[in-house]
Amino acid sequence: MLQHDDTIAAISTPPGEGAIGIVRLSGNRSLSILSRIFRNPSGTGRTDFPSHLLCYGRIVTDDNRAIDEVFAVYMQAPRTYTRQDVVEIQCHGGTASVREILQTVIHAGARPADPGEFTIRAFLNGRIDLTQSEAVMDVIGAKTKRSLLCAARQLGGGLGRKISGIRERLIRLLAHLEAWIDFPEEDIPAFDLDVFRAGASAIADEAAGLLATWEGGRALREGISVAIVGRPNVGKSSLLNLLLAEERAIVTDMPGTTRDTIEETLSIDGLPVRLIDTAGIRDAGDMAEAEGIRRSKAAMEQAEIVILVLDGSQPLHASDMELVAETTQRKSVPVINKSDLPAAWTAMDIGLSGRASIVLSARTGEGVQMLREAISALAIRDPASTEGIVITRLRHKTALEGAASAMDRFLALLEAGEPPELLALDLRDALACMDEILGVTAVDDILNVIFSDFCIGK
């Protein structure tokens, strides 16, 4: 994909039937290919396609057989997505139509695009940085409005500008340091410990602030898993139905109705959530129930957040207390259910007063909004200092950790009075980490990983 001087083509709309289908081309031969296969309504050919203007006509094969009525638009470089000449052919959205137009385009001189090849050309031609390239698929894959806003902010260059700002300050520090090292006889300001300490500390603090957004950013992009656990008949399935606002799980007065995990997805405060209702945890009565309990415990271990449901209207059991103890060190929300019935105990009675427990009624819905807010607060903690910019990829996190580590070493060496030559090494390491995030010094294996999940046509 790094050889991007040929002309590529792909279907850019989803497979299946739809109102419109789009075939996209990018490369130097885009206009000549369009001229070869496009006919005006009168049947005449056309070579004058004003840039960024829709033209009505038909696409034809080499033997002049009409395939479909289309709108075609030629977009002249550099005002295009890839900064190359681009053509888009908008036809009817039938599967056969778009496929035959694509084959006609390829026969006329284009080649099939690889997944993500349009976007990698945009990156290689300097239209977007690597963080914006990644955000393209995040926008496409966003499951909630909040996820979309996060991805759109990154696509608009928010994260890239933040990283670029850190990078520019690193370059200034490094330039000052290296000038002092290389040209001691020149009239260069003396090495000022306070200036370097303040500059490096500010960079370290900003990197740490971005690192603190990792969990929330990843949650917005990928979603989180939330397991509902508890003894049988405490209201787990009722709580699932309440959160989903539909009767998804069977609810009866008979303990042990749920024998297997039930998974559903929903949005909580704009956060994609995979909600897992589990079988009641108790001493199993048969092999089927034992397997359900095993799966419940596995779901509890794997979930990022645990909702522990307790029946506030009945005396507590030993298994309740075991679950309370098991979830103490986890991201968890204790829920005291059945608040519509007389209370048999309180949170203080079992040492929950120090944890953010929720009292609610799965039957009436009282307290459910507090539970939603508690889940959101556990999943996302956006530091105000980042101005809404978050990191969403493990690649970003790893690079920022490397930069933060390099800055810590720099500050330690600075305080120890080590020579500037050693200090410069750590600044270069931190700068390399920033360059990696932006793709300033991108290497093929990094690009292959990033673009491997892209869809064809984008």
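The values are calculated or read from the model by the stated rules, or taken from the named source; none is laboratory data. Quick caveat, the model's predicted, so the values are computed rather than measured. Note: ideal-geometry Cβ built from the backbone for every residue, glycine included; neighbour counts use all protein chains shown.
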Y74 in the same structural domain as S32 (by TED's automatic domain parsing), exposed (fewer than 15 other Cβ atoms within 10 Å of the Cβ) and either in a strand (DSSP E or B) or at positive phi (or both): no
Any chance region 95-108 includes a residue that's surrounded by 22 or more Cβ atoms within 10 Å (Cβ to Cβ), within 25 Å of R46 (Cα to Cα) and either within 25 Å of the chain's Cα centre (by Cα) or among the basic types (K, R) (or both)? no
Out of curiosity, is L323 touching a residue at least 60 places away in the same chain (Cβ under 8 Å) and in contact with an Asp or Glu (Cβ under 7 Å, 6 or more places away or on another chain)? no
What are the residues in region 1-45 that are surrounded by 14 or more Cβ atoms within 10 Å (Cβ to Cβ), charged (D, E, K, R) and either not assigned by TED's automatic domain parsing to the domain that holds E100 or not in a strand (DSSP E or B) (or both), if any? R29, R36
Filter region 152-177 down to the residues that are farther than 26 Å from A424 by Cβ and among the small types (G, A, S) and list them by number. A152, G156, G157, G158
Taking into account only those residues within region 3-28 that are among the acidic types (D, E) and touching a residue at least 40 places away in the same chain (Cβ under 8 Å), which is nearest to R121 (Cα to Cα)? D6
Can you name every residue in region 233-244 that is part of a loop (DSSP other than H, G, I, E, B) and modelled with pLDDT under 85? N233
Note on region 48-63: residues over 23 Å from P15 (Cα atoms) and either touching a Lys or Arg at 6+ places or on another chain (Cβ under 8 Å) or assigned to a helix (DSSP H, G or I) (or both) are S51, H52, C55, G57
Among (1) of a type outside the set (D, E, K, R); (2) within 18 Å of L102 (Cβ to Cβ); (3) free of Cβ contacts under 8 Å to residues at least 24 places away in the same chain, the one test that S42 misses: (2)
Test for I391: is it at pLDDT 85 or above and among the hydrophobic types (A, V, I, L, M, F, W, C): yes
Take S319 and tell me if it is over 36 Å from the mean Cα position of the chain (by Cα) and either in the same structural domain as N241 (by TED's automatic domain parsing) or among the β-branched types (V, I, T) (or both). yes
Against the definition (small (G, A, S), outside any loop (DSSP other than H, G, I, E, B) and either more than 22 Å from F451 (Cβ to Cβ) or at pLDDT 90 or above (or both)), how does A202 come out, yes or no? yes
Out of K297, K331, K338, I need the residue that is basic (K, R) and at pLDDT below 80. Which one? K297
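Can you tell me which residues in region 410-428 are farther than 13 Å from I203 by Cβ and of a type in the set (D, E, K, R)?
Looking only at region 410-428, we keep the residues that are farther than 13 Å from I203 by Cβ, and these are 412-413, 415-425, 428.
Across region 410-428, the qualifying residues are E415, E418, E421, R428.
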